[in-house]
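Quick note: the coordinates plus some simple rules give every number you see, no bench work behind them. These numbers were taken from a predicted model, which means no experiment stands behind them. Neighbour counts run over all protein chains shown; Cβ positions are idealised from the backbone, glycine included.
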Amino acid sequence: MLRLVGLNDANLQVLENKYSANITVRGEIIALRGEQVEVDQLEKIFKELVYILNKNGTISINDVDTVVDLIQMNGEPALPKSMLAQVAQEDLDTVVLFTRNGIIKAKTAGQREYIRQIRTNDILFGIGPAGTGKTYLAVAMAVAALKNREIMKIILARPAVEAGESLGFLPGDLKDKVDPYLRPLYDALDDMIPPEKLKTYVERRVIEVVPLAYMRGRTLNNAYVILDEAQNASAMQMKMFLTRLGANSKAIITGDVTQIDLPVKTVSGLVQIQDVLGKIEGIHFCYFDRNDVVRHKLVKDIIDAYDRFHNNEQPPGPARR
């Protein structure tokens, strides 16, 4: 009970500040009195905190805040019963985030290493083919850090580079033209944060999704900063992005060097940076391959087919006509 309520009842005070219901602790008994909705939520909160305490042996104020946030948002336990058996058998280091849709966790050896390196380095590069979870896991790590109050904001950036289409011919104002390039980042956030909560975060600029060009001149403190599709950042843009990092911040840069949409004579910042920063402590490069693909099973075959094509290898099966 002492570990549950915290030192000097610190964990209990967090709940008392968030709820008007009366919480009384006597020996091993917790009594709740108040409106039914609040009492029901507090009962779920205490059950989840007991589970976490039994699992980890300790509870922090961040744990209490996270459980309260999830239950208030979802109306469901932070760790639904359907997940408990699964989590009990998993190495918790592979679990990134619990959402209303399920558990976000590493599914491959490459992804497990990626998560481990994000936790131990301030700047992390994730390089590999489509479908390996580079961006999705990076966003999940950022959302988890925000919920745990390790950081104060999330900034997601992407180069607005045309992939075979002209930005200038798209309809609408600048925001309308740029939004399609940022949509994959919004899609990831939609999976992890309820719509109303996400809308509030965006309006308060707790979460920003911006074109890379808008990063110039900023210093980003207490933040997770993610650059997606970094293969389409020029060498100067890459330098500009990396030098935005402030105190208590992490940067995650993701991209696929086989899908560069820059003009032919423009050097990709993601290609160049591997030679520039390869030996600096606190910076790590994670490389994914086809074995880390977690999309449709045909995505692996497509990647292999393109590799064979570029290597001028004959595909298996019937001869080509």
Notebook entry, point to check: Out of residues 5 or more away from VAL257 or on other chains, whose amide H comes under 5 Å of its own, with H placed 1.01 Å from N in the peptide plane?
Noted result: GLY128
Check: Given H placed on each backbone N at 1.01 Å, which residues far from PHE285 in sequence or on other chains put an amide H within less than 5 Å of it?
Finding: PHE125
Notebook entry, point to check: Taking the Cβ of ASP69 as the center, what net charge do the other residues with Cβ under 9 Å away carry, scoring Lys and Arg +1 and Asp and Glu -1?
Noted result: +1
Checklist line | Kirkwood Rh, angstrom, region 190-321 [1 / mean 1/r, Cα pairs] | finding: 17.8 Å
Next item on the list: Kindly flag which residue pairs out of LYS197/LYS250; LYS47/LYS153; LYS107/LYS197; LYS265/LYS300; LYS55/LYS134; LYS18/LYS105 have an alpha-carbon separation exceeding 25 Å in this structure.
Entry: LYS47/LYS153; LYS107/LYS197; LYS265/LYS300; LYS55/LYS134; LYS18/LYS105
Notebook entry, point to check: Once amide H atoms are built 1.01 Å from N in the peptide plane, which residues 5 or more positions from LEU97, or in another chain, come under 5 Å H to H?
Noted result: ILE104
Note to self: Above 15 Å lies some portion of the pair distances; for region 1-43, what is it as a whole percent of all C-alpha pairs?
What the structure shows: 39 percent
Next item on the list: Could you work out how far apart the two model spin labels at LYS239 and GLN36 are, taking each label as a point 7 Å from the Cα in the direction of the beta carbon, and quote it in nm?
Entry: 6.6 nm
Checklist line | Inverse of mean 1/r across different Cα pairs in region 246-294, Kirkwood, Å | finding: 13.2 Å
Checklist line | Inter-part distance where region 254-277 and region 20-71 are each reduced to a Cα centre, Å | finding: 49 Å
